[in-house]
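Engineer: Quick one: the structure is below, questions incoming.
The values are calculated or read from the model by the stated rules, or taken from the named source; none is laboratory data. Worth saying up front: this structure is predicted, and the values here are computed from it rather than measured. Note that each Cβ is placed from the backbone with ideal geometry, even for glycine, and that neighbours are counted across all protein chains shown.
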Amino acid sequence: MDALIGMGVALVTPFKKDGSVDHSALSNIVEFNIANGTDYLVISGTTAESATLTKKEKAAIIQTISNSNAGRLPMVIGIGGNNTAAVVEELENTDLSLFVAVLSVAPYYNKPTQEGLYQHFKAVANACPIPVILYNVPGRTSKNMEPITSLRLANDIENIVAIKEAGNNPDQYRELIRKKPDDFLVISGDDDLVLDVILEGGSGVISVIGQALVSDFSKMIQLGLKGDSDAAKTIEKRVMPLIELIFEENNPAGIKAVLNHMQLCEDFVRLPLVVATNTLKSKIAAAILQMKSQ
C-alpha cells in the first residue's frame, strides 16, 4: 500500500489550559506537517491521548483534521482495545470513508496468548471494510505479539496489510522483514530505530518526533528508502538527542514540550499524565538550539 510508505505522524491532541481540545492549534499542526513533508496523518493513536478523549471529542478532532487536511494527505484512524466485541462494534458503526487504513493496537491488560491475539485481530479484520495495520507495542500492552503471530495474520488475512512494530527490538524487526509476504509493510513505531529498520527493508515510520521535525525527519526517511545511508545517518545523528529526550518522562508530554517551544501548541496533557518537568524542558530547549547550530 503506497499510501503507507514513508513518514506518517501520530498527531498530538493539543489542549487549552481549561482542558478542552485546542482545535485551532490542531489545525496549525496539521498545516505545518503538510507544508513540510509528512506523507500521511495518524489520528487517535497513543500520542493523541486517545484513552482520555470522549467519543464526542474524538469525532470533533477527526472533523478538524479532515477539514484542515482537505484531502491532501492520506489519513489513518486508530481503533483498538482490549474488548474484541467492543472494537468490532466500533468498526461496524464508524464512517471509515475518510481513511486509507485502521491502526489497531494489540489488546492490553488482559494479556492474551498468541492464539488470543490472532483470533482478536482476525475478528477485527473481518469487521473492518478498509485495510488494517496491526500495532504491537508491548511496552504499553504488557504482551508482545511475537513475529510468528504477526506473520500468520499477514499471510492468512488479506486486509491486514502492515504492522506498526514498536517493541524496540531490532531482532524482531529483522525477523518480520525477512519472513513477511512481499506486499506486507513493516512500519517502525520506534523513532530511534527507524533508519536501521528502513535500511534493512522496512517501509517507513509512524512517528512522534516527525510532527515537530517534519522536514529533517521526513528527509531522513526518504534518504533511507533510497538506500542513501550516509546522508540519512548524518541527519539521524543530529536529531537523535531530541528523540531520546521526548521519551525521557512520558509521551506525549515530551513532544508537546517541543511543539510548545516551537509555538505550535500549549504543553498541557490530561491526567494521569503530567506536563514535562522544567528540567526536561530546559534540556529540550538546549537540544533544539544545538540542532539549529549544526
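Engineer: Here is a list: I29, I79, I34, I62. Which entry is closer than 23 Å to A123 by Cα and among the β-branched types (V, I, T)?
Structural biologist: None of the others qualify; the one that does is I79.
Engineer: Would you point out which residue out of V87, V124 is more than 16 Å from N159 (Cα to Cα) and either crowded, with 21+ Cβ neighbours inside 10 Å or modelled with pLDDT under 95 (or both)?
Structural biologist: Within the list V87, V124, the selection yields V87.
Engineer: Does A51 satisfy being more than 17 Å from the chain's Cα centre (by Cα) and part of a helix (DSSP H, G or I)?
Structural biologist: Here the answer is no, as A51 does not meet what is asked.
Engineer: So which residues in the range 88-120 are farther than 19 Å from I206 by Cβ and either hydroxyl-bearing (S, T, Y) or touching a residue at least 40 places away in the same chain (Cβ under 8 Å) (or both)?
Structural biologist: Those that are farther than 19 Å from I206 by Cβ and either hydroxyl-bearing (S, T, Y) or touching a residue at least 40 places away in the same chain (Cβ under 8 Å) (or both): T94, S97, Y109, T113, Y118.
Engineer: Tell me which helices (runs of 4 or more DSSP H) are completely within the range 123-207 and hold 1 or more residues being under 28 Å from A231 (Cβ atoms), or say none if there are none.
Structural biologist: 170-179, 194-199
Engineer: Related question: State yes or no: is A60 buried (at least 22 other Cβ atoms within 10 Å of the Cβ) and more than 22 Å from G254 (Cβ to Cβ)?
Structural biologist: No: the conditions fail for A60.
Engineer: Answer yes or no: is there a residue in the range 2-9 that is over 18 Å from A101 (Cβ atoms) and modelled with pLDDT of 95 or more.
Structural biologist: No, the range 2-9 has no match at all.
Engineer: Filter the range 240-256 down to residues that are within 18 Å of the chain's Cα centre (by Cα) and not in a loop (DSSP other than H, G, I, E, B), then give me how many there are.
Structural biologist: 10
Engineer: Now for a separate question. Looking only at the range 6-43, filter to residues that are of a type in the set (F, W, Y) and within 26 Å of V274 (Cβ to Cβ); which one of those is surrounded by the most Cβ atoms within 10 Å (Cβ to Cβ)?
Structural biologist: F15
Engineer: When the residues of the range 184-215 are filtered to those that are without any contact (Cβ under 8 Å) to a residue 40 or more places away in the chain and among the acidic types (D, E), which remaining residue is surrounded by the fewest Cβ atoms within 10 Å (Cβ to Cβ)?
Structural biologist: It comes out as E200.
Engineer: When you scan the range 109-120, do you find a residue that is modelled with pLDDT of 95 or more, buried (at least 22 other Cβ atoms within 10 Å of the Cβ) and over 25 Å from D196 (Cα atoms), even just one?
Structural biologist: Looking through the range 109-120, at least one residue is modelled with pLDDT of 95 or more, buried (at least 22 other Cβ atoms within 10 Å of the Cβ) and over 25 Å from D196 (Cα atoms).
Engineer: Exactly one of (1) modelled with pLDDT of 95 or more; (2) buried (at least 17 other Cβ atoms within 10 Å of the Cβ) is unmet by G167. Its number?
Structural biologist: Of (1) modelled with pLDDT of 95 or more; (2) buried (at least 17 other Cβ atoms within 10 Å of the Cβ), only one is false for G167: (1).
Engineer: Scan the range 171-183 and report the pairs whose first residue is on the phi < 0 side of the Ramachandran plot and of a type in the set (F, W, Y) and whose second residue is crowded, with 17+ Cβ neighbours inside 10 Å and in a helix (DSSP H, G or I), with Cβ atoms within less than 6 Å and a gap of 6+ or a chain change.
Structural biologist: Pairs found: Y173/V197.
Engineer: Can I ask one more? Against the condition β-branched (V, I, T), within 16 Å of L259 (Cβ to Cβ) and either in contact (Cβ under 8 Å) with a residue 24 or more places away in the chain or in contact with a helix residue (DSSP H, G or I) (Cβ under 7 Å, 6 or more places away or on another chain) (or both), how does V21 come out, does it pass?
Structural biologist: Spelling it out, V21 is indeed β-branched (V, I, T), within 16 Å of L259 (Cβ to Cβ) and either in contact (Cβ under 8 Å) with a residue 24 or more places away in the chain or in contact with a helix residue (DSSP H, G or I) (Cβ under 7 Å, 6 or more places away or on another chain) (or both).
Engineer: Going by what's in this entry, would S104 be described as closer than 17 Å to G8 by Cβ, small (G, A, S) and modelled with pLDDT of 95 or more?
Structural biologist: Judged against the criteria, S104 is a match.
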